[in-house]
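> Below are the structure tokens for one structure; questions will follow.
The values are calculated or read from the model by the stated rules, or taken from the named source; none is laboratory data. These figures come from a predicted structure and were not determined experimentally. Cβ: placed from backbone, ideal geometry, glycine included. Neighbour counts: every protein chain shown. Keep in mind that these areas ignore ligands, DNA and RNA; they rest on the heavy atoms of the full protein, side chains included. Shrake-Rupley method; radii C 1.70, N 1.55, O 1.52, S 1.80 Å.
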Amino acid sequence: MRRTAVLGSAGTLIAGTLIAGAMTAPSASAEGRHHGNSEARGVKIAADRAAKAGINWKACPADWGLEAPIQCGWVKVPLDYAKPNGRQIEIAVDRIGNTGSKKERQGSLIYNPGGPGGSGLRFPRRVTTKNPLWVNTSKAYDFVGFDPRGVGHSAPISCIDPRSSSRPRSSTRCPTARPTSGRSASWPRSTRTAARSAAAGCCRT
């Protein structure tokens, strides 16, 4: 399928949503304010770039469990928003078009799964399963979901310091999702730790 702008302005919205979830509050110091300003500029650059590039929507990989008419693709965003022209990572996104007519369509509804560790790719399935809570909404809106960075099919994160040759004592991977079976007493604590580590910049893809 040809590369198109992401449902009009949705590319900007997706990039903005991803960025908002990744940025940390700057400190009150002059250095912190400078870094915050650099991130803010990076946000705009990344969002404009994503909107211009669009997404190459196509059938989702079979092992993702997302059946047609749901489509999947990728959005590239900076690893570090203060360095928008530096290393880029990929964020997995999916969509399903509105079920109503062209006249009924009002735009795109983008779902932020929250977290940490939550996947948003299942959101468009609310249309395919004809969830009664979303029937009228789906007539007017395309449903767009995504996996935040470090989650699911998006770029993973690792807590290994690339400058260190020693192996860490704990897991070499930051937890990215709730266990799929049973309950793990360590999940909430370990996931919060991963979120704090990522926010502090110690986790890298």
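> Treating cross-link reach as a plain straight distance, find the lysines whose alpha-carbon is under 26 Å from the alpha-carbon of Lys76, omitting any fewer than eight places away in the same chain.
Counting by Cα, and skipping residues close in sequence, Lys76 has these lysines nearby: Lys44, Lys52, Lys58.
> At 0.36 nm per residue, minus the direct Cα-Cα distance, what do Tyr111 and Asp80 gain on full extension? Give it in nm, one decimal, please.
So the chain would gain 8.9 nm between Tyr111 and Asp80.
> Protein chains only, probe 1.4 Å: how do Arg41, Arg126, Arg163 rank by accessible area, largest first?
Arg163, Arg41, Arg126
> For Ser154, tell me the accessible area in Å² from a 1.4 Å probe, rounded to the nearest 10.
Here the residue's solvent-accessible area equals roughly 10 Å².
> Stretch Val135-Ser101 to full length: gain in nm at 0.36 nm per residue minus the Cα-Cα span?
Fully extending the segment from Val135 to Ser101 adds 10.9 nm.
> Would you mind counting up the charge near Lys76? Only other residues with Cβ under 11 Å from its Cβ, with Lys and Arg at +1 and Asp and Glu at -1.
Result for the local shell: +1.
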